[in-house]
Structure formats: C-alpha cells, structure tokens
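The values are calculated or read from the model by the stated rules, or taken from the named source; none is laboratory data. Remember, it's a predicted structure, so these values are computed and weren't measured experimentally. Here the Cβ positions follow ideal geometry from the backbone for every residue, glycine too, while neighbour counts run over all protein chains shown.
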C-alpha cells in the first residue's frame, strides 16, 4: 500500500515549498548523485527526481537545503525518516546539490506529443 | 471416488466382476434351498398373500456362466466411444472457444477427444508451458470477452502450479473454468507416476478460492456438474470453478447404459441479482438530494453496457466518479472523472462527499480510511469521510464469501447495504433518480457538474505538466514510454491489457483517452506476481478475432515467472505488443527493503540484495527471440524508442507477437 500512501506526501512537499526561503547548497553534485542512487532515493523519486506513483517530484527540489534536510529527518506522509546515523547532513547536502543541478523540464509546448493533449 | 458407486456407467473391473460372481454363488445356494422347501410352505404362502411378481431364479446355464472360473482374458484393443468423447460433447455445449493446457497424463483421454473427436475446434487447444500461465491466460481472456475459457490440468501437480493464478482470478471476480484430471480408483493407477499424480480430493487445495467444485463419478454426473459449474461461475459475483474429470471415466468405453440414457442438460444462465425497488428508491432519494455525491467504482462494469450505465447515472445526478481501476468502468477523459487512487483523487473527494455510493468495491474500507504509513511505528486508522456522510454499497460480494483467504478487507460501516449486482441495478436506479429530480435540483446539479469538470481539467493539466519531468532521462521515464506508445496507437483500435498502477505510475490512466471496455482491464486481483504476461496473452487471444491491437506493458519480475507464455503467443500466432518495463528489480520489494532498513536505522544501501534483477542484466529481446517472438532492445536512449515501437507494431499487424525491451525508470 505504499504506493497509495505515498501520494499523501505530495501536498506536504508543496506546503514546505510555499514556506521555504531560497538557499544555495554547497555540496558535490557527483557525490550527491552517487548517494541518491546508492541509498535508494531514486526508488521512489526516480533517477532525476521526477517523481511518480511512489514518491513526490523533487528534482529540482521544492525546498531550500535546510528545509530539505529537516524534511528528511522528520518527513510527512509515507516517506521514510533517514536519521544522521544513515545519512549525514554532509550526505544530504550533496544530494541536495545533485537535485539542484537537475535542469527544469522542457516546456510542454516543446514536446509535441504531450502538447497535443492540452485542451483535450 | 469409489468405483462401486459408478457401476451404471463404468466398466466392471475384473475385481468387481468376481465380487458379483461370489454374490451369485450365494444366491444360487439360497435358491436351491428355497426350491427344496417350497412344497411345504408354498401353499400357505399362496393362501396368505396375493399374487405378485417374483424375480425368476437364474437357470443352470446362467449359473454356470456366472460361477465357473472366468475365461481367459480377451484383450479389447479399441473402442468407438471413450467416455471422454461424451465429456467433450458436454464441454462443447458450454461454448468455450479455447482450452489452455500444459499436457498431462491424467487428462490424456479428454485431450485426445478434443483434438480428434472434436477436431480441435470449440474449444481449440492452446499449448501452455505452465499451468499458472493456462489459468492466467483464462483470466485475461475473460476480462476481454466476458466469459470463461477452459483450462485443463493435472489434479495434483498441475493444480499446484495453477493455484496462485486461480486465487488471482477469485480475488478479481473473474470466471475461469478448470477441468482437472485424476485417477480416482486405486487399482487403475498403472505406475508410481500415476500414484503420485492421484489424489483423494483434488479440488481441496483450491476450495478456499473457487466458487464451486465437484468430483463426478459417472458420465451423467459429469454432464450435470459441468453445466452447473458453468452456470455458477457466470452468476455474479463471477468466480473460478473446478470440475474433476476422472481418468477411468475418460478412457474406458461409454457403457451401454450410458449410451442409452446419458444426456446433457441445457444451460440457462441465472439473471444477475438486482436490488429491490424500495432500496433503489431510497438510494435515488439520497443521491438526488445530496450536495456532493461521490460514486466509487470497483468491479462495476461486467459488460460494455456497464460503462454506459455508469456514465448515465453519473451524468443524471452530476456526481463525481472515482474509479478504482479494477476494470474499465468510466471514461478517463470524462469531466466527472475525479481521479482514482492515483493523485490523491479518492482522498480529496471522499473527504468532501456527503453521500458515497460504492459500486462493487471490495476494499471500501481502504477507500474511506487512512492508516499509519509503513514508515511509522504503530497503527492508527482514521475515517476520511466527513461527519454525517452517508455511505451506500451495492455489492454482489455480499452474496458470496469465504473465510480463510482474507481478500475481503476490513469491515466497513455503511448506512444502506444492498446485496446485489451493481450493473444489473443501475437501470432501475437511473430511472428512479430521473423521477425525483426537480428543476431546482437540476440547477444545483448542473452547477456542481461544471465545478467537477473544471477540477478534472485542472487535474489533467497537472498530469500533462508532470509528464514532462524526466522526459529525456535514461533509464527512460514511464511517462515518456506511455506517450511514445500512445502517439502510435491512438488511431488504432487498441486494447491495453496490463495494470499500470502503481507500476507505471498510472500514466496511461492519466493521459490516454480510455472509453471502451477493452481499453483497460485492471490487474491481478490478488497481486500474485506472474499474472501479467500470461493474462496479457490471454486477453490478446480474445482480442485477436476483433482485430484489436493488444498492448501489454510488461514488468520484468513478472515475466520471469513463466516466460514460456511468449512461446505460446508465437506458436498460436497471437498478436500482442509487449513493452518491457525493465527496471531490473522486484521494485516494490526493493522499496519495502529500504523502508525496513530506514525503520531499523541502518544499512539503507543494501536493499538490492535479494530484490535486484541485475548482474547480469537480463536481455529480454534475446529471450523473446529464443521463443520465436519478434523483438527489439534493450532500448536505453529515449530517442530510439519511437522507431522501435513503430517496427514492433508493424510486426504485430502481421499477426505475430512482438517485444520491445525498454530500460525504464522504476515507477
């Protein structure tokens, strides 16, 4: 039932993003990407953080770095909590850097097979 | 099964014939004594009792024939009428198009009758490589065609293989007709193999999850039970049934008695149970007066007519519909579609509803409650419904239940519970609603409908925007695969025969225009993995005569249970486009392992142990090629996907199966 519950997470993430202030991360993109894959963040959120039935969209991240770390320590919805015993703040800063490095998606208008769905 | 019970139709064994001779010897001795004393007592008897028929005593010739040592056995080599021919006559009256089977000695007689006496038509044998595939093919076929196909299997090892697939069909309320071979009488088992393949009560293993079974001991019994089984399977709630075809009944000649007397009863399907008028009027009153009614659709549409009726009801009262997607119940692009489990549609709409009409929803408690998620200790549940909300259920599952397997879910308190078939009840419910709608209520409903339509549009726009994320990623995003596929099938008469929620993030349900009964058929029923590949081939078999383009988004873990079904598709020229959802893991379990590690606060980087399907990566295109299936892949770059799909569709249009191995994002 994880897939059913995971979507409860989405509104919580959005709520965080609305309250967040912008903040730059200083982590390593390469290290962050490796951690993201090794500890299984991609399992629910996708390898480029695009989200899906099991996890919210986090690439690019909707929170600032502090908010991101705070959320992972004490998440809402179905998201597991990851303590500093398994993921240090340094690790999470690197992960944040990776997510921050993910470019915004192409506009739908530039993807013809998606764009034609609009208005239908 | 005892042979003595079947003397009317079964040939006597040498053992039972000697037993009869022994009996006659005793009869002869008794008769002689009676004759000796007859002179003394006969007059008295004659004087005291009226005349009556007296069984004549056997003559000397007969006594000699019956009591002398038996003559040397004369081998009888052939028969013009094995019992299995009659069994096939019975089966033919049930109008099965196909019979799926992995060959087995306990039903070899029936198998032979089917291909020779029956000329391999109605039913036509479909060669399967695993009994689980046989049943799952029947499962998929029934969800397209609305009726069962037949499965044959050993009553022992075959049924053991088939049992999970039967459970899936049971939980999914799907009719499947299983005929099991078994050698009931011990003295007829010729080898240790036949002893190992014989069982006292074959159906016992699956009795917890079939609707009915029987073990006929005569051919007449077989005829009646076979017709009864079909009727029970096709009375809502639809369910699998099992009939035993005794091997001796199959293989030995039909007795003279049976040739004279055996007859096949006529099949008359029962009318589905519909709700009574008073209850219908009460539901209509609640729906028409509701400010924010919600219809939750489970397994409503048993037939294409069910979709039309559900649309008419929703439009009549302008109620939002939340589809659980166990069937194609409601058009995905309809403005009253408020979303199913995906996207939180159910959560939001349930919380806002003042009247909830639940139609054939087995897991209503899940749809109306929240629970503590897996990544928190403890368990707490809360209703999602607001205070005072009324819940109505129309559920044929209330008419049939078993206890051992717990697929029925948690008990849900409701305000009005109707034990009836929803589709059969919809026509009267629609009419009752129409009679109650005043102009004032009509205006309110139209305003509500306009708001729901606006909300549905927002939901769809949100999904379109979401699909753009990760568009160029490799592994390829499930949204990209869905849209590349849709782009090439949207002008065809297509049929998606795979479950896409949660595995494919439900993208086809969110983005494709689904409005026909065969556009979507739901999933496993009991989440027994190994269902998808064979069910898809079974659905494609049903779609073949309609000329539909069958599309299966195939998860990798599922295909590895019984990939031989690819050969079945190639051998029987079943056109089907398989798009691999190759994520190289048993991904749901991979996520659970990460959950468990996070709960235990350790080792979150070890979850692929025991869940990964990598190192080496499986080359599904080569696997498919080995089974005779046209294949392309692995496709890793999204740029290569559209051309690969195009080539595969061209192969499918020639009447053959095809597979495109796509390395995908996990969800």
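Quick notes
- Restricting attention to region B:507-516, the residues being part of a loop (DSSP other than H, G, I, E, B), farther than 19 Å from residue B:652 by Cβ and either at pLDDT below 95 or more than 10 Å from every other protein chain (Cβ to nearest Cβ) (or both) number 2.
- Within the set B:350, B:361, B:300, B:321, the sole residue that is under 23 Å from the mean Cα position of the chain (by Cα) and under 30 Å from residue A:56 (Cβ atoms) turns out to be B:361.
- Of the criteria (1) within 14 Å of chain A (Cβ to nearest Cβ); (2) at pLDDT 95 or above; (3) over 17 Å from residue B:143 (Cβ atoms); (4) touching a helix residue (DSSP H, G or I) at 6+ places or on another chain (Cβ under 8 Å), which one residue B:529 fails: (1)
- Considering residues of region A:69-91 that are part of a helix (DSSP H, G or I), in contact (Cβ under 8 Å) with a residue 40 or more places away in the chain and buried (at least 19 other Cβ atoms within 10 Å of the Cβ) only, the residue farthest from the other protein chains (Cβ to nearest Cβ): A:71
- Remark: residue A:111 matches the filter, which requires a residue to be without any contact (Cβ under 8 Å) to a residue 12 or more places away in the chain and closer than 23 Å to residue B:465 by Cβ.
- Answer residue from region B:462-481, given it is more than 10 Å from every other protein chain (Cβ to nearest Cβ) and part of a helix (DSSP H, G or I) and is surrounded by the most Cβ atoms within 10 Å (Cβ to Cβ) among those: B:481
- Single match in B:131, B:97, B:124, B:66 (criterion: modelled with pLDDT under 95 and either closer than 18 Å to residue B:241 by Cβ or surrounded by fewer than 22 Cβ atoms within 10 Å (Cβ to Cβ) (or both)): B:66
- One residue stands out among those in region B:606-644 that are within 12 Å of chain A (Cβ to nearest Cβ) and in contact (Cβ under 8 Å) with a residue 24 or more places away in the chain: the one that is farthest from residue B:658 (Cα to Cα), which is B:611.
This table checks each residue for (1) assigned to a loop (DSSP other than H, G, I, E, B); (2) surrounded by 24 or more Cβ atoms within 10 Å (Cβ to Cβ); (3) within 14 Å of another protein chain (Cβ to nearest Cβ).
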position: B:279; (1), (2), (3): no, no, no
position: B:301; (1), (2), (3): yes, yes, no
position: B:309; (1), (2), (3): no, no, no
position: B:312; (1), (2), (3): no, no, no
position: B:315; (1), (2), (3): no, no, no
position: B:334; (1), (2), (3): yes, no, yes
position: B:340; (1), (2), (3): yes, yes, yes
position: B:375; (1), (2), (3): yes, no, yes
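- Failed item in (1) in contact with a helix residue (DSSP H, G or I) (Cβ under 6 Å, 6 or more places away or on another chain); (2) surrounded by 16 or more Cβ atoms within 10 Å (Cβ to Cβ); (3) not in a strand (DSSP E or B), with residue B:409 passing the rest: (2)
- Subset of region B:488-500 that is surrounded by fewer than 23 Cβ atoms within 10 Å (Cβ to Cβ) and in a loop (DSSP other than H, G, I, E, B) - its residue that is nearest to the other protein chains (Cβ to nearest Cβ): B:490
- Residue B:663 meets the conditions (1) out of contact with any helix residue (DSSP H, G or I) (no Cβ under 8 Å at 6 or more places or on another chain); (2) away from chain A (no Cβ under 14 Å) in every case but one. The failed one is (2).
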